[in-house]
Amino acid sequence: MSIDVAFFGFLASDADSRISQAGKPWVRLRVGVGRDEAVQWLNVAVFGEAAKAAAELKKRDRIYCEGTLKLDTWTGQDGAERHGLSVASFKCEATHRIGRNRPKRERDGNHDDSPPHADEPPLHDSIPF
């Protein structure tokens, strides 16, 4: 049984890029979902094309993910049974990229700041009322 999930969250640390034994790239993320005392922590493994974009994510970035949820169980060093949530994700995108958080644009030679061509009529912004 698998549970499909979609969620918004924030990164607790920079993305950790890895290479699988099959030679394919994947990214490990530690993601918090919720606020204040109600934060739930997820281990997210991002695969496929989404791993390329996820590799650029940094601590405190906000993200949107879709994937499959799994409950992990292990024994801690103190002998107690521990539980955690993990997600295998094939879609992971940065969100909240506006204002100061907007990525810097690269200037290219194709940007046209030239005035309109002579064959185009001039723009008259006055509105007759």
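General observations
- Nonlocal amide H pairs with D61, under 5 Å, H built at 1.01 Å: L11
- Panel note: the C-alpha atoms of segment 3-97, placed on their principal axes, show extents of 39, 36, 25 Å (largest first).
- Counting 0.36 nm for each residue step from N43 to Q21 and taking away their Cα separation leaves a gain of 6.0 nm.
- Which of S86, S2 has the fewest Cβ neighbours within 10 Å, and the rest in rising order: S2, S86
- Each Lys or Arg adds one and each Asp or Glu takes one away; over the other residues whose Cβ falls under 12 Å from the Cβ of L85, this sums to +2.
- Cut-off 13 Å between beta-carbons: net charge of the residues surrounding A12, Lys and Arg +1, Asp and Glu -1: +3
- Applying the criteria of a DSSP loop state and at most 14 other Cβ atoms within 10 Å to the trypsin sites (Lys or Arg not before Pro) of segment 19-92 yields R35, K58, K59, R60.
- Rough spin-label spacing in nm, given labels placed 7 Å along Cα→Cβ, for I3 and A53: 2.6 nm
- Residue order, fewest to most beta carbons within 10 Å, for T73, T95: T73, T95
All of the numbers you see were taken from the coordinates with simple rules; none came from a lab. Predicted model only: the values in this text are computed from it and were never measured. Positions of Cβ are backbone-derived with ideal geometry, glycine not excepted, and every protein chain shown enters the neighbour counts.
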